[in-house]
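**Q** Handing you a structure now.
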Amino acid sequence: MPENRDLRIATRSRAENWKKPPRRIEASECITCDTCLRSCPEEFGAIFDRGIDVVIIPELCSGCPSCVLVCPVDCIYVDEDWSPTDNDMWNHVGLTGGSPA
């Protein structure tokens with residue numbers, strides 16, 4: 001069974017072979033420009049705009065630095081102590097058709 005984005009969404013889990021921890025966005029520093037969302041590689045599609053804030057779903061984030069490199073305010077950090085995404089956010093993922101908003 002391939003480890004792709006759809007599978008990660010269906011199982012709500014990170015790929016086991018990913019060695020880097022996911023990233024997180026510090027909401028108090030974020031200016032909601034969505035630059036990170038647009039730079040997240042399509043095969044991950046881990047960043048979502050929820051209107052008020054932009055969030056990274058750790059189960060979809062490989063830990064690559066694409067979003068970090070483009071963030072104009074440097075508000076994206078490594079999330080060593082990440083916790084599973086809550087059902088409300090997974091429902092949002094489902095509403096957006098499994099792709100970033």
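**Q** Order the following by accessible area, largest value first: GLU26, GLU80. Probe radius 1.4 Å; ligands, DNA and RNA are ignored.
**A** Result, largest first: GLU80, GLU26.
**Q** Still on this structure, please answer the following. With all protein chains present and a 1.4 Å probe, how do THR11, THR35 order by accessible area, largest first?
**A** Listed by decreasing accessible area, they come as THR11, THR35.
**Q** How much mean residue ellipticity at 222 nm does the chain get from its helices, if each DSSP H run of length 4 or more adds -39500 (n - 2.57) and you divide by all residues, to the nearest 500 deg cm²/dmol?
**A** -6000 deg cm²/dmol
**Q** When the Karplus curve 6.51 cos²θ - 1.76 cosθ + 1.60 is applied with θ = phi - 60°, which whole-Hz ³J(HN,Hα) does each residue of the range 72-87 get, with x for Gly and Pro?
**A** Rounded to whole hertz, the list is x, 10, 6, 10, 10, 10, 5, 10, 4, 10, 5, 10, x, 5, 7, 4.
**Q** Going by amide H atoms built from the backbone, whose H comes under 5 Å of the H on GLU59, apart from near neighbours?
**A** Those lying under 5 Å, H to H, from GLU59 are THR85.
**Q** If I model a spin label as a point 7 Å beyond the Cα along the Cα-Cβ vector, how far apart are those points for ASP6 and GLU80 in nm?
**A** My value for the distance between the label points is 3.7 nm.
**Q** I want the local charge near CYS40. Using Cβ-Cβ distances under 12 Å, sum +1 for each Lys or Arg and -1 for each Asp or Glu among the other residues.
**A** That sum, taken over residues with Cβ under 12 Å, equals -1.
**Q** Got a sec? What order do ILE57, ILE31, ILE52 fall in by accessible area at 1.4 Å, biggest, i.e. largest, first?
**A** Numbers: ILE57 0, ILE31 105, ILE52 150 Å².
Output order, biggest surface exposure first: ILE52, ILE31, ILE57.
**Q** Counting only other residues whose beta carbon sits under 15 Å from that of ILE76, what net charge do I get with K and R as +1, D and E as -1?
**A** Neighbourhood net charge equals -4.
**Q** A further question follows. Could you pull the Rg and Dmax for the range 31-101, using just the Cα atoms, both in Å?
**A** 11.4, 30
**Q** With all protein chains present, calculate the accessible area of VAL78 using a 1.4 Å probe and round the result to the nearest 10 Å².
**A** VAL78 has an accessible surface of roughly 70 Å² with all protein chains in place.
**Q** Given the protein chains as shown and a 1.4 Å probe, how many square angstrom of ASP34 are accessible, to the nearest 10?
**A** 30
**Q** So how much accessible area does LEU69 have, in Å² to the nearest 10, using a 1.4 Å probe?
**A** Near enough 140 Å² of accessible area.
**Q** Tell me which residues come under 5 Å, amide H to amide H, from ASP79 once H is placed; ignore anything under 5 positions away on its chain.
**A** Distant-sequence amide H within range of ASP79: ARG23, ARG24.
The values are calculated or read from the model by the stated rules, or taken from the named source; none is laboratory data. Please read these numbers as outputs of a predicted model, since none were measured by experiment. Note that we place each Cβ from the backbone using ideal geometry, even for glycine, and neighbour counts take in every protein chain shown. With ligands, DNA and RNA removed, areas are computed over all heavy atoms of the protein, side chains included. Shrake-Rupley method; radii C 1.70, N 1.55, O 1.52, S 1.80 Å.
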